[in-house]
């Protein structure tokens with residue numbers, strides 16, 4: 001892989017992609033790069049898990065049939081869904097697939113992701129990533145502030 005030895009600095013905004021559809025992968029890479037993200041791609045489920053556990057990715061986008069024939073067979077998605085929240089809280093997780101209606105909160109909740117996107121709207125992916133990441137950061141802002149206050153109080 002070209003980005004196997006890619007170093008991430010504190011100023012970088014890392015993103016991880018897990019796609020089986022090459023056209024969608026290219027669209028997602030281009031959108032994230034335009035938004036200033038440093039993009040990594042996973043070729044397999046094990047590659048995804050290795051990458052995800054080594055770097056705190058800000059955005060993760062998974063295709064519903066990544067390395068699978070159906071969403072039920074998507075072991076990457078199942079791994080994300082079963083992770084403890086502290087392992088994935090730092091990431092805005094976006095799930096793309098034909099069985100979803102873009103930005104339907106109940107579908108995102110059911111899949112334990114930040115948002116879902118239907119590929120019919122992939123031409124708007126840059127804006128949809130911005131909105132999803134912004135919404136996720138806004139949602140978690142109070143939690144992060146409370147956590148920082150707890151750590152600050154614990155030091156005193």
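Could you list, in sequence order, all residues of segment 63-88 that are loosely packed, with under 15 Cβ neighbours inside 10 Å and not in a helix (DSSP H, G or I)?
Matches in segment 63-88: 69, 70, 84.
Would you pick out the residues in segment 72-90 that are touching a strand residue (DSSP E or B) at 6+ places or on another chain (Cβ under 9 Å) and touching a residue at least 40 places away in the same chain (Cβ under 8 Å)?
Across segment 72-90, the qualifying residue is only 76.
Residues to consider are 39, 60; find the one that is part of a strand (DSSP E or B), within 13 Å of the chain's Cα centre (by Cα), free of Cβ contacts under 8 Å to residues at least 40 places away in the same chain and surrounded by 20 or more Cβ atoms within 10 Å (Cβ to Cβ).
Exactly one of 39, 60 is part of a strand (DSSP E or B), within 13 Å of the chain's Cα centre (by Cα), free of Cβ contacts under 8 Å to residues at least 40 places away in the same chain and surrounded by 20 or more Cβ atoms within 10 Å (Cβ to Cβ), namely 39.
For segment 7-22, enumerate the residues that are surrounded by fewer than 22 Cβ atoms within 10 Å (Cβ to Cβ) and closer than 22 Å to residue 97 by Cα.
20, 21, 22
Give me the pairs: first residue in segment 95-113 and touching a residue at least 12 places away in the same chain (Cβ under 8 Å) and on the phi > 0 side of the Ramachandran plot, second residue surrounded by 14 or more Cβ atoms within 10 Å (Cβ to Cβ) and in a helix (DSSP H, G or I), beta-carbon distance under 6 Å, and six or more apart or on different chains, which are they?
Here the result reads 112/81, each pair linking segment 95-113 to a residue that is surrounded by 14 or more Cβ atoms within 10 Å (Cβ to Cβ) and in a helix (DSSP H, G or I).
Scan segment 100-123 residue by residue and report those that are farther than 28 Å from residue 86 by Cα and part of a loop (DSSP other than H, G, I, E, B).
none
All of the numbers you see were taken from the coordinates with simple rules; none came from a lab. What you see is a predicted model; the values in this text were computed from it and never measured. Methodologically, a virtual Cβ is constructed for each residue, glycine included, from the backbone with ideal geometry; neighbour enumeration extends over all protein chains shown.
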